[in-house]
Amino acid sequence: MQAPQSTVDPSEIAKFEAMAAEWWDPEGKFKPLHMLNPCRLDYITTQIAGEFDRDLKSPQPFQGLRLLDIGCGGGLLSEPMARLGATVVGADAAEGNLPVARVHAEQSGLEIDYRHTTAEAMADAGEQFDVVLNMEVVEHVADPLEFLTATRRLLKPGGLQICSTINRNPKSFAVAIVGAEVVMRWLPRGTHEWSKFITPDELFELLSTSGLTPVDRKGFVFNPLAWSWSISDRDLSVNYVTASTKPL
């Protein structure tokens with residue numbers, strides 16, 4: 001299922017389909033995401049709990065919330081959201097990712113609705129969600145504004161979108177491309193294109209133009225000495241994340 005017009009970039013899809021079998025290998029090609037995931041989940045859960053007045057100490061704090069993980073890959077975020085009680089739809093334009101995601105969810109005893117589709121197609125079909133997770137996707141699409149407009153259409157009024165990406169500056173080139181792809185070889189060369197990276201101010205402008213209200217942004221910062229990630233209020237120089245809401 002795909003909309004007549006789509007922001008999907010076929011060359012980007014091919015990159016991730018080639019790595020699909022390694023999604024759940026913490027030492028494989030998605031090692032950076034496995035390392036970052038606890039930090040991402042900390043930010044995501046805090047934002048959702050605050051927006052919808054949920055107690056994260058309760059057994060399933062997100063019960064009753066319908067959540068879309070767009071560009072879900074192997075389900076690294078879909079699964080924890082389902083464990084927290086949300087009704088989860090995981091969507092990906094790379095069809096090869098989905099068998100891996102479905103098998104892993106079944107093995108984990110989780111019910112997740114994984115779909116091979118696009119944001120545009122789901123919006124055209126009238127799908128609506130309380131929360132849209134849009135993590136590390138916007139730098140891979142052909143038209144970021146059209147893509148963000150589609151994800152805004154997918155939100156219910158008062159809904160929350162979490163969107164993360166990579167800043168565009170010399171440091172991000174050194175860290176995200178030279179460091180991650182050439183030196184550490186965490187990712188295959190060519191996984192990212194520096195010219196597609198988006199600065200925080202540019203992303204806030206895109207979100208606002210799409211019809212959303214940006215409410216927060218933070219940095220994800222890697223400490224090579226502690227070999228760990230943390231959330232920063234100030235350092236958005238490489239990886240960063242935003243929260244925005246759809247007006248009532």
Sorted list, accessible surface of protein heavy atoms, 1.4 Å probe, largest first, for 76, 84 is 84, 76
Diffusion coefficient in µm²/s returned for the chain by Stokes-Einstein, Kirkwood Rh over C-alpha pairs, 10 °C and 1.306 mPa s, is 88
Residue farthest toward the positive end of the dipole of the range 85-171, with Cβ of Lys/Arg at +1 and Asp/Glu at -1: which of 126, 104, 161?
161
Debye sum, Cα scatterers, the range 43-190, no solvent: what log₁₀ I/I(0) at q = 0.11, 0.12, 0.13 1/Å?
-0.46, -0.55, -0.64
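Taking only the Cα atoms of the range 192-248, how large is their convex hull per residue, in Å³?
About 98 Å³ per residue, rounded to a whole number.
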Where a Cα-Cα gap under 19 Å defines reach, which aspartates and glutamates qualify for residue 57, not counting those fewer than 8 residues away within the same chain?
42, 79
Can you tell me the FRET efficiency between residue 178 and residue 226 if r is taken as the Cβ-Cβ distance and R0 is 35 Å, rounded to the nearest 0.05?
0.95
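Could you look at the chain and say what percent of its accessible area is carbon and sulfur, using a 1.4 Å probe and all protein chains?
Exposed carbon and sulfur together represent 53 percent of the surface.
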Order these peptides, 130-136, 24-30, 118-124, 95-101, by their mean beta-carbon neighbour count within 10 angstrom, highest first.
130-136, 118-124, 95-101, 24-30
For the range 137-147, 3J(HN,Hα) per residue [Karplus equation, 6.51 cos²θ - 1.76 cosθ + 1.60, θ = phi - 60°, Hz, x = Gly/Pro]
10, 4, 7, 10, 8, 6, 9, x, 5, 5, 5
Where a ≥ b ≥ c are the square roots of the eigenvalues of the C-alpha gyration tensor, would you call the range 15-87 rounded, which needs a/c under 1.5, or, failing that, prolate if a/b is larger than b/c, or oblate?
prolate
Computed helical MRE - 222 nm, the chain, DSSP H runs ≥ 4 contributing -39500 (n - 2.57), nearest 500
-9000 deg cm²/dmol
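The values are calculated or read from the model by the stated rules, or taken from the named source; none is laboratory data. These numbers come from a predicted model, not from an experiment. FYI the Cβ positions are ideal-geometry reconstructions off the backbone, even for glycines, and counts take in every protein chain you see. The area values use the complete protein model at the heavy-atom level, side chains included, leaving out ligands, DNA and RNA. Shrake-Rupley method; radii C 1.70, N 1.55, O 1.52, S 1.80 Å.
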